[in-house]
Amino acid sequence: MNVKRIIFLLFTGLVCMFWQPVSSYGAEASTKDVIIGYKDEVGKQLIVNQSKSIDNHFKSLSAFAVSINTSDVEKYKGNEHITYIEENVPVTLSNSSNSINEIKNGDTLVEGETWNLRSSRFSYAWEEGATGKDVKVAVIDTGISPHKDLKVAGGVSTVDYTEKWEDDNGHGTHVAGIIGAEQNGFGVVGVAPDASIYAVKALDSHGEGDMDALLKAIEWSIQHEMDIINLSLGTEFHSDALEKIIKQAYDAGILIVGASGNGEGDGKVIYPAKYEQVIAVSALDEQFHSAPFASSGPEVEFSAPGTNIISTYLNGNYGIASGTSQASPHITGMLALLQQKLPDKNPEERRAALTDYVQDLGETGRDSYFGFGRISYITDFTAPDEIADLKLHKTESEAFSIQWVNPENEDFDKTIIYLNDSMVKEKAKGEETSYTFTELEANTPYDIAIYTEDIYGNRSKGVIQTVTTKKSGLIISEKQKESEEDQESDPKPESPVKEEKKEEENKQEQQPEKDVTPPVDEGKKDEEKQPSISIPAPVQEPPVSNEQSEHKNPAQVSENNEKQKEAKQEDSLAASGSTNKAEEVEEKESQSEQRDVSKDSNKNEQSTAAAIDEGNKDEDNDENLFMQFFSWIGGLFRSIFQSLVQVF
């Protein structure tokens, strides 16, 4: 009996040695993080009992975030008490924090003078008293860093590595500043400077997270009665749980704004912006073209500035960035302004009211690039009339003056004068309507352009005229032709300047014509996006020499060098008339033998290396046989163990 027990214990120990590691590895590999929704109490208990671990229980969703065995996925799918089961997919920023460049001279910033605020005319809302006061905005992002331009009303962290909502990435701080940086006389100012900003940290220091953390963030926002949620993040994957909680937030009266995406995947709008309850926002550049990186699709509802946006950043500094992540907070801030301005309207009515504050771009009506149009608090986009009665006056040969009549529009603000595409002067309404250009060159054509602009920044197309200075002091339009009498009375040779111009024109005529793209019509939208960011030309590699480009065998190169040396020696001997050919033959034979020995040595080294490789292969085969042997032994031990169990 003792012998049997000893044998039994021996086999049990061996089985544990060989079987336990395989069992642990298999269990680890078969685990899957999922989100499961249940229909009733039976489904709830099934999830609790069958899950390996429970990460979170979403009471408002009737769902769990759990870890289960992969083999159980199909069991849940076919169960009548389970509403859905889905993978806990990753969620990331709409654009990387690496794209935010810190501004070193932040003290030189002038509050409210950034292009995105000026073009969207938010300052007129502030003058009316609409600043987003008492509107609660949840910024679900990487958190918010302490900053002198930001006042954070509160927050929460839904990531698993910290309970603090401070930003350790920079993206959330940048987004928060666009929405609600304070109007304090320095730095930057947000669209709604008096809004109450809440930091909801759902992404880590790399701007990465998962669906579990995002669901918890939205659930927290519902529980704490936020008015608006900004989501400058997303995923390419649909989620039943995400769609359900988005609907719950919307039904609770929360307006939700989401970035359309920066071309992720197939370039279509990402989730959650893709859902009907979310206001999907695309990005514009400084020329009001659709930004080349912006995702497009029928879900796009509005567009806003999204390139070169300056806002708050880490360590009390400021940063500049581009992306739909920067476009969506403009709409979030605008909704905060409307909530204060239109207190009697419900959230859906305020969402609809956004269409009253846009400039339609692209195709008439809603389209896939701009939605209903670009956001602007002032919707007067009609430029004032042009100047009238432009006159050119005779002056010195290196100067001339102009005079005009301003338009009579009530909102006319100023006249802007350009010389050769460079602005030289602004003339405010009420100033004298004349200007003198000085320090010019004689016998030189100049392009002048005079634009009118109203108090909202609308600028006319301009009146453009080309004039040429003359030695005699005459100024004429380039379109006019000199009379034949002037040519006969002043038969002077052409100046060197004109001769150089003729040579340049002849050279240009000899060159092949370039394909010139016609200018874009601002009233129409091309089928393709209009890129505004110039792409640097690819770096040209230095030319590679023939010796570098050709891959030759070192032995062959050496042999060729030896042959070249021999040829040179023969030429030298022939030129000197040397007759000692016997010594020359012996020397050549000696060199030939050395090369043969070198080649044999190389062959031996190659054969030795091949033998080593064969040896390594044999060792690998032995190792495989060794593993197969122990696998067979493990199976044998398991069979013997089962037999012993039956015996005892």
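Every number in this text was worked out from the coordinates using simple rules, so none of it is lab data. Since we're looking at a predicted model, the values are computed, not measured. With ideal geometry, Cβ positions are generated from the backbone for all residues, glycine too; neighbour counts draw on all protein chains shown.
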Only Cα pairs under 8 Å and at least 6 apart count here; give the relative contact order of the range 383-422 as a rounded whole percent. 38
Please give me the summed charge of the neighbours of residue 66: other residues whose Cβ is under 11 Å from its Cβ, Lys and Arg +1, Asp and Glu -1. -2
Kindly give the semi-axes, whole Å and largest first, of the ellipsoid equivalent to the range 29-88, taking each as the square root of 5 times a Cα gyration tensor eigenvalue. 16, 13, 10
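If neighbour count is taken as other Cβ atoms inside 10 Å, put 335, 314 in order from fewest to most. Write down the numbers at each step before the final one.
Values: 335 28, 314 21.
The most exposed by this proxy come first: 314, 335.
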Amide H within-cut-off set for residue 83, under 5 Å, with H built and near neighbours excluded: 37, 38, 39
For the pair residue 184/residue 346, report the inter-label distance in nm, with labels modelled 7 Å from Cα in the Cβ direction. 3.9
Extension gain (nm, one decimal) between residue 390 and residue 49, 0.36 nm per residue minus Cα-Cα: 114.1 nm
In order through the range 223-236: 3J(HN,Hα) via Karplus (6.51 cos²θ - 1.76 cosθ + 1.60), integer Hz, x for Gly, Pro: 5, 9, 6, 5, 8, 9, 10, 9, 10, 8, 7, x, 8, 7
Treat the count of other C-beta atoms within 10 Å as a stand-in for reagent exposure and order 221, 311, 434 from fewest to most. 434, 221, 311
Euclidean distance between Cα centres, the range 29-94 to the range 292-332, Å: 35
Cβ-based net charge around residue 404, under 10 Å, with every Lys or Arg adding one and every Asp or Glu removing one: 0
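Taking the Cβ of residue 167 as the center, what net charge do the other residues with Cβ under 9 Å away carry, scoring Lys and Arg +1 and Asp and Glu -1?
Details: positive: 201; negative: 141, 166, 168.
Around residue 167, the charge tally is -2.
How much length, in nm to one decimal, is gained on full extension between residue 127 and residue 468, taken as 0.36 nm per residue of separation minus their Cα-Cα distance? It would help to have the intermediate numbers written out before the result.
Details: separation 341, 0.36 × 341 = 122.76 nm, distance 4.67 nm.
Length gained between residue 127 and residue 468: 118.1 nm.
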Cβ-Cβ FRET estimate between residue 238 and residue 353, R0 fixed at 25 Å, reported to 0.05: 0.25
Cα-based Rg then Dmax for the range 238-341, in Å, read 14.3, 39
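In which sequence would 463, 152 go, from the one with the fewest C-beta neighbours within 10 Å to the one with the most?
Values: 463 15, 152 20.
Starting with the residue having the fewest Cβ neighbours, the order is 463, 152.
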Could you tell me whether the range 93-375 comes out rounded, prolate or oblate from its Cα gyration tensor? Rule is a ≥ b ≥ c as square roots of the eigenvalues, rounded for a/c under 1.5, then prolate if a/b exceeds b/c, otherwise oblate. rounded
Restricting to bridges with both residues inside the range 93-375, how much of the DSSP beta-bridge set is antiparallel, in percent to the nearest 5? 30
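Provide the gained length on full extension for the span residue 380 to residue 363, in nm with one decimal, where the gain is 0.36 nm per separating residue minus the Cα-Cα distance. Intermediate results must be reported in sequence, preceding the final value.
On the way: separation 17, 0.36 × 17 = 6.12 nm, distance 1.90 nm.
Here the answer is 4.2 nm.
Let me know the charge dipole size of the range 93-375 about its Cα centre in debye, to the nearest 20, where only the beta-carbon of Lys, Arg (+1) and Asp, Glu (-1) is charged. Spell out each step's value before the answer.
Values: 20 positive and 41 negative charges, 87 e Å.
Dipole size: approximately 420 debye.
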One finds the C-alpha centres of the range 339-418 and the range 235-273 to be spaced, in Å, by 34
